[in-house]
Each structure stands twice: as C-alpha cells, then as structure tokens.
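Working notes, structure below.
Every number here is computed from the coordinates shown, using simple stated rules; none is lab data. It should be emphasised that the depicted structure is a prediction, and the values quoted were computed from it without experimental measurement. As a convention, Cβ positions derive from the backbone with ideal geometry for all residues, glycine included, and neighbour counts pool all protein chains shown.
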Amino acid sequence: MSMKKGKNWALSCVAISAVVLTGISATTVSADDTSDSTTVTTQSTNNQVASIQSTSTSNQTSANQSQTTQAQQNNTSRTENPDVQDGGQVSDDFTNEASNRLGYASNFHIFANEATLNAHTNGNLAVGTLNGHVNFGTNIGEGYLNKDVSYVQNHNTIASSSFVQGTADRTNKVVFGENNNVDVSNTNRTVVDGTNIDHLTKDETYQDKNGNKYIDFAHYFNVLDNKSTALANTAPTTTINNSNFPDQNQRVINLDNYQPNEDNQIVINLDADVLTSGTPLTIYGLSANNDAATSVIINVDTKGQEKYTVNSQIKLIFNNGDGQDNTERPNQETDYFDDNHLLWNFYDSTTAGNLYDGEIDIDRAFQGSVLAPKATINVNQNLDGNIVADKVNVNAETHRWYLQDDTPQETEFERPVTIPGEAELPEYTDENNGSNIDDPDDEEEEDIEPDGDLEDNDEDSNSETPGTGDNEDNGGDSDSETPDTDNNEDNGGSTTEPDTDKDDDSDEANESDENDNDDQNLITDGSDNNKDEQTDSNLDEGILSQAVGKDEDESQTPDLKTTNEAGSLPQTGATSGILATITGIILIALGFLLKEIKIKKD
C-alpha cells in the first residue's frame, strides 16, 4: 500500500517537473529570435505603463476639473452674491496719491504685505495677509475722522473684536479679498470664514469681485520702492552723525536752523549711529497745524546691517509760533492727524537701489511715519504714525497718525530759539537769523560801529570831523585837527561811543559783563548770537530746559560791544570833564606866560 502511494507521489513530481520544464522551454529563445521577443515584451510593458499613466492622468484631470469647478462655483457664489457690496478700488476713497509722499499708503496705519498683530493696534489696515490675534481699528477720539477704511485681502486669523463700532458721526468701510467667505445674512454682524465680526455690519462690509483687487499689493509695493529710493537720493539739507551732538544726554535737531527746499521739505540724512544710541532724540520745530507746515524727511542709513535696532526714544517739540510756549507731543491715541509732518525713510547705502531688506527693531517709543517697503518692522514699543513695510509685527501698542505733507506754506518761526544740546552743524548757514556761520570766532579787520563809523583794529586813524576824539595808541600819540575832543585808548579792538573817555578799569568791567552774559545765554550752535529772552520750559530729561530767544536781525560777526549792568557804555563823570577843562585852560595860560617871559628876556 505504501509502495503504491510512493509511486503516485513520484509520478506527481515527475508530471509537475515536466510542466515546469515545458514552460521554461517555451520561454527560452535562440539568439536569432531575441530581437523579436524583446520588441514584443517592450511593447507589452509600454502598453501597460501607458495604460497606467493614462488612468492616472485621467484621474488627476478629473480631480483638477472637480477642484476648478468647485472653486469656480465658490467664486461664482461669492462674486455674484448681491448681498455683499463691491469694494471697488482704493482710488474711489482717496485722492492723495500724487500729493502725499506715501501716496495711498498714507491713508492706512499699517500698510504691508503681511501683518501679525500681537498687541492692540489703534488704527486701520491694508494688508495682503493678516495674522490678527488681537483687535484693531481707530478708536474714536476728537471726532475728526468720519470714515475708517480697511482692506484685508487674505487672513489666517482675525479677532472677532476687530474694528471699532461705527456711530452716526463715523462709519466703517471694510473690504475683504475675493477668497474670503463673507456672510452678511445677519445685517447687524458680519461673519468672515466662520468668525463673527462683532463690530461690523452688512452696510459696512465690502469684497473684491470679478478678479478686481481693492489694492494690488505687488504693483503698489513697486511704487513704494521707487518712492523710498527717490527720498534717499534727494539732496539733503544737512547730514548728521552722532558726534555732531555736543551733549549725548540731550540730543536735539532744531528745525529752525534749516531752510526748506522748493518742495517745502527739510531733508536730513542720519548716520546709522544716531538712532542706535541709548539716549532720546528730540526734533524741535514741527508745525502743530496743517496750514503752515514744512515736511521733514529723515533718511536713516542702515549701512547693510542685517538687523537695525532703534534704541533712541523720539521726542517731538511743536513750534507754536512764539518760541516760548512750545509743546511736547506724547505717544497717544488720536484721530487728529494735521500735526504729523515727519517721515522716517529707512534705506541702505550699500545696495544699488538703496532699499533695505533686513529687520528693524523699534525698541524705544517712536513717533513719525515709517517707510521701509522691503524690510520687516518689529514694533516692540509704542509707535505713532504710518507703518509701511513688507512685514509688520506689532508686539506693543501702536497708534494711527497719518502723514500730512501737502501744504506749500512753510512753518513759521516768529521767535527763533537756540536749544541746549542741538546738533552743531558749522557747514550750514541760516539766511534768516545768521546763526551757524563758518568761523564765528574770527574777527574781521574792520568792524562797523552802531552809528556806521569804521574802526581799524590794526592801527589808529585820526578823526577829521567835529565831535570825534583823539585815539591814544600804546605806541604813540596823535593830535586831532578839531577842538573839544576826548581821548580814546585803543586796547586791541574795543569800541567806544563818541565824546567819551575810556577808564583804565574798563577792560576788567567788560570782562565781568561778558561773563555775566555767558551765564545767561546758552549757546550751542557755535555762534555768539544775542538772546533777547529766556524761557523755563522744563521737559523730561532736560531736553528743552532753557529755550532762549534770539534777534533775527543780529549780525553774523561777533558783537564786540561791552555794556555795564545798566545797559550803557562806560561814561566819564561830569567832575572829571570839568577838571580836564580847567587843567587845559591852566596849561594854555602857562604857555602864554612862558612865551611872554621869553620875549621880555630876549
């Protein structure tokens, strides 16, 4: 029995082997048949691959068509939704593109390709992408603003408390990009991509439609790049580095020292070391209104630094027209913008286009609008103004304060002042008040007396007109050709008035008077200007602790005239005059007597 099973098992193995060998022989080819077999096999493989690719392509095309159809359906449902208003274009709401140096960007507190809000942002936005972790919007203050316009093209997050509730005096216009799902079925509260916007109503909600964009950021940032480059290349009124400030603890830029250019702007180029200093920088002389206001452009050279850190607090002192009652502006929420005439343009002198593409850290309280179209700005302390940059990260509270620079009338300085700590700029000559002359301590050979007479400091000259005195030089005497004159002593350039004698103690008195004047007048601009008034404006850290007025008509040469405490020149007494006359008469009589005696003797 077992032998039979063994034979059956052996026959089965033989049969299986025969089948396998038959299959192998069927697939084995001779050398002559290799080409045809390979062709057949390749064709079969290619057909299979083509079939797979065709199936995959068909499936992918079907998926893409499905996605496109879905997107088209979504876009069609959004753009054709009659309940959401068409946002139009930024030119529909603003007309200051040509008149403002920031153009349309000047109408938004933050203008950026991307903005991340981590702290309260008191102002409106125009952003390509919003990461809004906190609320934003212009708080109602003095009531000057009647409409708050914002544009959010795309968003990753948006806070439900965004924007400020409208009132009868001020409304909102908020435009969302076409890719946002905007629901206004509840007329009192707009819903954007599932987020309830509590302060926004249907009437205040708008959206891009039919491919239109309220602002084309790619195009407009090219415009801003050109604006920044043009400002950086504008001929500066002056250039300042940190060494120009005589006192590093109270650094002041006095705008009264500069003449505006034909565009009614003062352009100041700042070296990179000015804002990186740890002490405040005060800008004095801004106009507090929009009627007579010179624009101030401050170009800050970052000089290729990958990260530029602002460590200087910016303080602003407004000129109220009298030189005494000046006001320091604090960082604050407001909707009054007429007093912002200051623009900071951050650039990079090491690049071909002067455009800075690094990071700017604002680490001290800052005021004035900021332009850095290719940079990232990290706001780590309060900032008031416009913020225009590629990316803006708000880590500390910011306040909307629009740049206003479209007035042709210059800022008026009715009473110019010299401020302690202001930058010394000897290369600049102020045509209005004569300060900042090149060599204020050099004396000219000829000085003009107040009455128009000329005095030669090198040698004495004889007077040929009545009422003038003889000049007594240390080297000899000269006689006058006219009677009734007094003697003047030349001590190296001191001047006297006619019909007066100069006492021997006058030099000592003059030196005392000059010391008194130096104690009363604080002069920091390198000129010996007379001051007609002193103020007590005690500001933080003594930035403007003593502001003194100066005469606009004062001379550009040092005033050599000395005065006594009564304000008059030293005079000889009446008794001295009488004694001199008597002595003269006695000498004349003695002369005649000697002559008579000699005649009689002869």
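Residues in the range 287-295 carry Karplus couplings, in order, of 7, 8, 9, 9, 7, 10, 9, 8, 6 Hz; the curve used is 6.51 cos²θ - 1.76 cosθ + 1.60 with θ = phi - 60°, and Gly or Pro positions show x. Once R0 is set to 60 Å, what does the formula 1/(1 + (r/R0)^6) return for the Cβ-Cβ distance between Ala352 and Asp291, expressed as a FRET efficiency to the nearest 0.05? Efficiency, from the Cβ-Cβ distance: 0.90. Look at where the Cα atoms of the range 93-118 and of the range 247-276 average out, and the two centres are 25 Å apart.
What the phi angles of the range 244-256 give under the Karplus curve with 6.51, -1.76 and 1.60, with θ = phi - 60°, is a coupling list of 6, 8, x, 10, 5, 8, 9, 9, 10, 10, 9, 5, 5 Hz, glycine and proline written as x. My understanding is that a pair violates if its Cα-Cα distance is over 19 Å; which of Lys147/Lys202; Lys147/Lys374; Lys147/Lys227; Lys307/Lys374 do that in this structure? Violating the 19 Å limit, Cα to Cα: Lys147/Lys374; Lys147/Lys227. Packing, taken as the mean count of other beta carbons within 10 Å per residue, orders the peptides 113-121, 168-176 from highest to lowest as 113-121, 168-176.
Near Gln85, the amide H atoms lying under 5 Å from its own belong to Gln207; only residues 5 or more places off or on other chains count, and H is placed 1.01 Å from N.
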